[in-house]
1. On the given criteria, is residue 43 surrounded by 10 or more Cβ atoms within 10 Å (Cβ to Cβ) and either modelled with pLDDT of 85 or more or part of a loop (DSSP other than H, G, I, E, B) (or both)?
2. In the stretch 13-38, what count of residues is obtained for those that are at pLDDT below 85, assigned to a helix (DSSP H, G or I) and within 30 Å of residue 50 (Cβ to Cβ)?
3. Restricting to the stretch 46-58, count the residues that are touching a strand residue (DSSP E or B) at 6+ places or on another chain (Cβ under 8 Å) and assigned to a loop (DSSP other than H, G, I, E, B).
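The values are calculated or read from the model by the stated rules, or taken from the named source; none is laboratory data. Just so it is clear, the model here is predicted, and its values are computed rather than measured. We place every Cβ from the backbone using ideal geometry, glycine too, and count neighbours over all the protein chains shown.
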């Protein structure tokens, strides 16, 4: 790994601590709107992937209201009732 220039590191550290009025006003406005959104994880057991917006599951565990996997074949009729699948009771 390449060594970092100590002068550049010090300058960047100093620049990152600067608080302007615009930054302060923007932070206050964001706080009034509710602040930073929470990071939601998938509700499936032992899964730590981020949940998709509007659902509590990640892309790998998302299911349609009928119970079929999202993006997979849906074995339901147009009314949303599950059809009989070979091997299922």
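1. Judged against the criteria, residue 43 is a match.
2. 1
3. Within the stretch 46-58, the subset touching a strand residue (DSSP E or B) at 6+ places or on another chain (Cβ under 8 Å) is 47-51, 57-58.
Restricting the remaining residues to those that are assigned to a loop (DSSP other than H, G, I, E, B) gives 47-49, 51, 57-58.
Within the stretch 46-58, residues that are touching a strand residue (DSSP E or B) at 6+ places or on another chain (Cβ under 8 Å) and assigned to a loop (DSSP other than H, G, I, E, B) number 6.
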